[in-house]
Structure formats: C-alpha cells, structure tokens
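Working notes, beginning with the structure itself.
The values are calculated or read from the model by the stated rules, or taken from the named source; none is laboratory data. Everything quoted here is computed from the prediction, not taken from an experiment. Here Cβ is always computed from backbone atoms with ideal geometry, including for glycine, and neighbour counts include all displayed protein chains. Side chains are part of the model used for accessible areas, which takes the heavy atoms of the whole protein and leaves out ligands, DNA and RNA. Shrake-Rupley method; radii C 1.70, N 1.55, O 1.52, S 1.80 Å.
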Amino acid sequence: MNIIFDLDGTLINSSSGILRAVELAFDSCELEMQLPLNNELVGPPLTELLVKLSGTSDEVLISRLTAAFKSSYDSEGYKETSIFDGVENMLKSLKHQGFHLFIATNKRMLPTQKILELFNWSDLFDGVYALDLCKEASNKSDLISYVLKQHELDVHHSIYVGDTVPDKIAALANGLKFVMVSWGYEFQVEDGDEYVTSSSDLLRYLNRINS
C-alpha cells in the first residue's frame, strides 16, 4: 500500500519556527501584519501566506518578505521543528511492514530536506515532493497527481494523510482515500469523514485498510 503524507501539521510541528521567521521578516521590512499570527496560518505555500498577512500582492514587497523569511527560517527557524507524539515510531513501523511512504507538501524543498536530515528520516520515504520544485504543479492537488504519475501508483491502493480541509479536497480530486489527523493546524471534519486522534490510531487504521 502507498501512503502519501502531508508534512506540516501531520508529521511535524513547525509552527513556532515558521511564525517566528514571519515575524522577523515583517520587522526587517518594517511592515505591519494585517492579521494576528497563529498556528492556523501554517500550511499554505509561503507566498500565499505572506500575501494574506501583508494584505497586498505587490510583487516587490512580497519578494522582500520572502527573502527575509527564507534567510531566517532556512538557517535557524527550521531547527525549532518537533515531531508529533508517536509519529516517528509509526513511520518506522509502516516502513518495516513494507508500506511505500511518500511526502507531498506545500513546504519548500530546502527546509523540508533539512528537517528530514535533522530527524534522520530521509531513508524512510520512497519519494519527497515539494510544491516549489514541481514545475508541473501549481497546487497540492496537482502535486499529488504528479506523485501518483511519477511512481505509477494505483489510487485504489493509495491514501493521502493530512490535517486540513484543503488536504482532503486535494486527495479527493485525485480519487484518493483520505484520512485526517486531529493534532494538526486545522481540524475540521464533516459527517462521513475519516479521522484519527493519535499516531497509534493512524497505524491501526492503515493496517486495517491494508488487510
């Protein structure tokens, strides 16, 4: 079975480093944020986040904010990342059992790779895909589609695991089964949605649907 994971809010908690880097970026550019910083802002692509917080899509301004954010987050901020309880053991168990593991994330590839190296996770995944380095994708749905095609994955034997409604929409758009984790940044479920409340529950769920 193939399991494609979201990263931020699903496997790792990177909110503190991201929010700190955002705050430093606005301070360095001497700009005021139009919204209060909170964990629910974490998840969308960086440009989308900065446009939302600045209240403008001015390319020069967003470019300055982006550069300031990257300078801070890619050097120090990513180191504040933590792993959600039980997630590492779950990933190792899935790998040991022969599941094929992938990541499809809005997070940029550079900090994604640094975080995987920080936790010695690089060998756990058959493929890691980030939106900023996938020319064929402009959103999460496109990115998942690219992963499926690249690895010739059967959608009937694949699942996407995420923590947000956009994750669910992206999975369903590709004909994938979706399960939401409750410990992320935007836990919202509707009747009939599949969700889990702990990494051990997720492991049991994945083993059950694989049997």
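For Leu37, Leu91, give the ranking by accessible area with the largest first, probe 1.4 Å.
Values: Leu37 60, Leu91 0 Å².
These residues rank, largest area first, as Leu37, Leu91.
Taking Rh as the Kirkwood radius computed over C-alpha pairs, what is the Stokes-Einstein D of the stretch 78-198 at 4 °C in a medium of viscosity 1.567 mPa s, expressed in µm² per second? Display every interim value, and only then the final one.
Details: Rh = 15.2 Å.
The Stokes-Einstein estimate is 85 µm²/s.
Could you list the GluC sites (Glu not before Pro) in the stretch 33-133 that lie in coil according to DSSP, counting only those with at most 16 other Cβ atoms within 10 Å of their Cβ? Please report the intermediate quantities before stating the final value.
Values: sites: Glu40, Glu48, Glu59, Glu76, Glu80, Glu88, Glu117; in loops: Glu76.
Counting only loop positions with at most 16 other Cβ atoms within 10 Å, the GluC sites (Glu not before Pro) in the stretch 33-133 are Glu76.
Show that you can apply the helix-only estimate: for the chain, add -39,500 (n - 2.57) for every DSSP H stretch of four or more residues, divide by all residues, and state [θ] at 222 nm to the nearest 500. Let's see the in-between values first.
Working: 8 runs with 91 residues, N = 211.
Value at 222 nm, helices only: -13000 deg cm²/dmol.
May I ask you to compute the full-extension gain from Glu23 to Glu194, defined as 0.36 nm times their residue separation minus their alpha-carbon distance, rounded to one decimal in nm? Could you put the intermediate results ahead of the total?
On the way: separation 171, 0.36 × 171 = 61.56 nm, distance 3.50 nm.
Value of the extension gain: 58.1 nm.
Roughly how many percent of the accessible protein surface of the chain is carbon and sulfur, given a 1.4 Å probe and a whole-percent answer?
Details: 4800 of 10380 Å².
Carbon and sulfur atoms account for 46 percent of the accessible area of the chain.
Could you tell me which GluC sites (Glu not before Pro) in the stretch 148-194 are loop residues by DSSP with no more than 11 other beta carbons within 10 angstrom of their beta carbon? Numbers along the way, then the final one.
Working: sites: Glu152, Glu186, Glu190, Glu194; in loops: Glu152, Glu186, Glu190, Glu194.
Here the GluC sites (Glu not before Pro) that fit, given the DSSP loop and packing criteria, are Glu152, Glu190.
Using a Gaussian network for the chain with springs between C-alpha atoms less than 10 Å apart, which of these wobbles most: Thr47, Thr112, Thr56?
Maximum fluctuation in the GNM of the chain, among the listed residues, is at Thr56.
Averaging over all projection directions, find the projected area of the Cα convex hull of the chain and quote it in nm² with one decimal place. Spell out each step's value before the answer.
On the way: hull surface 45.4 nm².
Mean shadow area of the hull around the Cα atoms is 11.4 nm².
Place a point 7 Å from the Cα of His151 along the Cα-to-Cβ direction; which residues of the stretch 2-17 have their backbone N under 19 Å from it?
Only 2-12 fall inside the zone, counting backbone N under 19 Å.
Take every DSSP beta bridge with both residues inside the chain and express the antiparallel ones as a percent of the total, to the nearest 5.
Details: 2 of 21 bridges.
Among the beta bridges of the chain, antiparallel pairing accounts for roughly 10 percent.
Determine, from the Cβ-Cβ distance of Tyr205 and Ala173 and an R0 of 22 Å, the FRET efficiency 1/(1 + (r/R0)^6), rounded to the nearest 0.05. Intermediate results must be reported in sequence, preceding the final value.
Values: r = 22 Å, r/R0 = 0.99.
Here the calculated transfer efficiency is 0.50.
Note down the nm distance, to one decimal, between modelled labels 7 Å out along Cα→Cβ at Asn89 and at Glu117.
The answer from the label model is 2.9 nm.
May I ask you to rank Trp183, Trp121 by accessible area, largest first, using a 1.4 Å probe over the protein chains only? It would help to have the intermediate numbers written out before the result.
Details: Trp183 50, Trp121 0 Å².
Largest accessible area first, the list is Trp183, Trp121.
Length gain on complete extension for the stretch Ser138 to Thr47, per 0.36 nm per residue less the alpha carbon to alpha carbon distance?
Numbers: separation 91, 0.36 × 91 = 32.76 nm, distance 1.21 nm.
Length gained between Ser138 and Thr47: 31.5 nm.
Got a sec to turn the phi values of the stretch 37-50 into Karplus ³J(HN,Hα) couplings, 6.51 cos²θ - 1.76 cosθ + 1.60 with θ = phi - 60°, whole Hz, x for Gly and Pro?
6, 7, 4, 5, 7, 6, x, x, x, 4, 4, 4, 5, 5
For the full complex of protein chains and a 1.4 angstrom probe, list Ser145, Ser16, Ser71 by accessible area with the highest value first. Present the calculation step by step, with values, prior to reporting the outcome.
On the way: Ser145 30, Ser16 55, Ser71 80 Å².
In descending accessible area the options line up as Ser71, Ser16, Ser145.
Please get the size of the charge dipole for the stretch 144-193, origin at its Cα centre, with Cβ charges of +1 on Lys and Arg and -1 on Asp and Glu, quoted in debye to the nearest 20. Walk me through the numbers on the way to the answer.
Details: 3 positive and 8 negative charges, 39 e Å.
With only Lys, Arg, Asp and Glu charged at Cβ, the dipole is about 180 debye.
Taking the Cα centre as origin and putting +1 on Lys and Arg beta-carbons and -1 on Asp and Glu beta-carbons, what dipole magnitude results for the chain, to the nearest 20 debye? Please list the in-between numbers first.
Values: 17 positive and 31 negative charges, 108 e Å.
Computed charge dipole of the chain: roughly 520 debye.
Could you point to the residue in Leu91, Val179, Ser63 farthest towards the positive end of the chain's charge dipole, with +1 and -1 charges on the Cβ of Lys/Arg and Asp/Glu respectively?
Toward the positive end, the furthest listed residue is Leu91.
Picking from Asn13, Asn139, Asn38, which is most flexible by a Gaussian network model of the chain using Cα springs under 10 Å?
For the chain, modelled as a Gaussian network with Cα springs under 10 Å, the answer is Asn38.
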